[in-house]
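Q: Dropping a structure here in structure tokens format, bear with me for questions.
The values are calculated or read from the model by the stated rules, or taken from the named source; none is laboratory data. Here the structure is a predicted model, which means the values were calculated and not measured. Here the Cβ is made from the backbone with ideal geometry for all residues, glycine too, and neighbour counts use every protein chain on show. Side chains are part of the model used for accessible areas, which takes the heavy atoms of the whole protein and leaves out ligands, DNA and RNA. Shrake-Rupley method; radii C 1.70, N 1.55, O 1.52, S 1.80 Å.
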Amino acid sequence: MLIRRPDDIRPSEITSRCLFERRREFLRLSAGVALAGIFPSAHGALGPGRSSSYSTSETPTPLKHVTAYNNYYEFGTDKEDPARTAHGLRVRPWTISIDGLVRQPKTLGIEDILKLAPLEERIYRLRCVEGWSMVIPWLGIPVSSLLKLVEPLGSAKYVEFITAVQPETMPGTRTRVLDWPYTEGLRLDEAMHPLSIMAAGLYGDVLPNQNGAPLRLVVPWKYGFKSGKSIVRIRFTDKEPRTSWVKSAPQEYGFYSNVNPDVDHPRWSQARERRIGEFSKRTTLMFNGYAEQVGQLYTGMDLRKNF
Ligand SMILES: Nc1nc2c(c(=O)[nH]1)N[C@H]1C(S)=C(S)[C@@H](COP(=O)(O)O)O[C@H]1N2
Ligand SMILES: [Mo]
């Protein structure tokens with residue numbers, strides 16, 4: 001058998017090697033999750049386990065839908081585009097800079113970020129503003145574990161999440177469908193809420209590129225577009241950040257974008273949703289079913305005006 005020099009290695013092999021390395025690292029990091037018995041028995045040969053108290057007991061959407069029906073406009077605007085084109089995304093080396101109104105700005109490598117807190121499984125509903133939903137078993141760490149590191153100043157009231165732009169690997173960023181980079185934002189207390197996570201995996205494995213590898217935000221009580229993929233920078237500010245969707249269509253999208261069946265999108269109702277893989281529609285729940293956990297964040301706020 002021929003022994004090939006490294007420069008004979010085809011790019012496709014490099015990609016699969018990189019995935020192999022990432023998967024090995026990931027399994028090492030998530031070993032604690034398995035031992036703690038957090039994996040539900042539904043998807044893993046790890047025996048009966050306990051779900052995080054933040055998880056829903058609803059049946060997760062099949063993996064094939066979670067990874068083949070995506071919104072990731074950097075890779076195209078059709079639902080099937082990201083699964084087809086996101087394999088080229090470069091996810092190593094990867095750093096996230098955390099700066100703005102903080103005492104200790106930092107740039108951290110993804111390997112170190114994944115060690116900040118034990119990876120935890122969270123089975124969350126995801127409701128897209130377009131009227132469909134899924135149930136996804138994420139693996140991640142609380143956003144708070146990342147934000148605490150930099151010692152936010154008292155003047156910091158909001159956090160902006162800035163996502164990757166790789167024109168060579170992201171065909172969509174060579175068009176002007178959105179003003180790149182895709183940015184999102186949360187109020188600081190929303191970002192610090194225990195339901196807010198940075199996901200590094202799903203279905204017990206590393207995050208597929210089309211779902212926002214290597215690290216993406218997940219805020220389950222807000223419309224899906226608030227959960228930015230492939231985060232590269234987090235910035236603390238004293239003013240409400242202008243987010244990509246608010247810039248692109250301010251009459252249709254607001255900063256808060258909490259899931260709310262009573263506030264319709266100007267072009268369609270938000271009262272119901274189609275769970276991907278199911279036939280009939282179901283009722284959309286206030287705060288996507290997380291009202292008990294997050295309702296108090298909005299006491300005294302007019303949720304019709306602050307949509
Ligand atoms: N960078 C980036 N993040 C993004 C998007 C995007 O186009 N670019 N789409 C958002 C939308 S509209 C939704 S519904 C979710 C979809 O996440 P999923 O494909 O993992 O289900 O990602 C969000 N995050
Ligand atoms: Mo969405």
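Q: Go through 114-123, 244-253 and give me the packing order, highest mean Cβ count within 10 Å leading.
A: Output ranking for 114-123, 244-253: 114-123, 244-253.
Q: Taking θ as phi - 60°, what are the ³J(HN,Hα) couplings along segment 266-282 by the Karplus curve (6.51, -1.76, 1.60), each to the nearest whole Hz, with x for Gly and Pro?
A: x, 10, 7, 7, 10, 5, 10, 8, 9, 6, 4, x, 10, 8, 8, 7, 10
Q: Of the listed peptides 149-158, 265-274, 225-234, what is their order by residue-averaged count of other C-beta atoms within 10 Å, with the highest listed first?
A: Working: 149-158: 15.4, 265-274: 13.2, 225-234: 23.3.
Going from most to least packed, we get 225-234, 149-158, 265-274.
Q: Using θ = phi - 60° and the Karplus relation 6.51 cos²θ - 1.76 cosθ + 1.60, list the HN-Hα couplings for segment 98-103 in order, rounded to whole Hz, with x at every Gly or Pro.
A: 10, 8, x, 7, 9, 7
Q: Oh, and also: Can you pull the accessible area of Val206 for me, 1.4 Å probe, Å² to the nearest 10?
A: Taking all protein chains as shown, Val206 has close to 20 Å².
Q: Still on this structure, I have one more. For helix 11-35, report the angle its Cα long axis makes with the longest principal axis of the Cα atoms of the chain; keep it between 0 and 90° and round to the nearest 10°.
A: 60 degrees
Q: Still on this structure, please answer the following. Can you tally the lysine pairs in the chain where the Cα-Cα distance is under 17 Å and the two residues are eight or more apart, or on different chains?
A: Number of lysine pairs found: 10.
Q: For the chain, modelled as a GNM with alpha-carbon contacts under 10 angstrom, which of Phe20, Phe236, Phe75 fluctuates the most?
A: Highest fluctuation among the options: Phe20.
Q: On alpha-carbon atoms, Rg over Rh for segment 11-290 using Kirkwood Rh?
A: Details: Rg = 18.0 Å, Rh = 19.2 Å.
Ratio of gyration radius to Kirkwood radius: 0.94.
Q: Also, I was wondering about something else. Could you size up the charge dipole of segment 11-290 around its Cα centre, putting +1 on the beta carbon of Lys and Arg and -1 on that of Asp and Glu, and report it in debye to the nearest 20?
A: Magnitude of the dipole: close to 120 debye.
Q: In sequence order, what are the phi-derived ³J(HN,Hα) couplings for segment 187-195 according to the Karplus relation 6.51 cos²θ - 1.76 cosθ + 1.60 with θ = phi - 60°, rounded to whole Hz, with x for glycine and proline?
A: Using θ = phi - 60°, the values come out as 5, 4, 5, 5, 5, 7, 5, x, 6 Hz.
Q: Express the relative contact order of segment 11-290 as a whole percentage, based on alpha carbon pairs under 8 Å and six or more residues apart in sequence.
A: 20 percent
Q: Considering amide H positions built from the backbone, and no H for Pro or chain starts, which residues 5 or more places from His265, or on another chain, come under 5 Å of its amide H?
A: Amide H neighbours of His265, under 5 Å, 5+ apart: Gln270.
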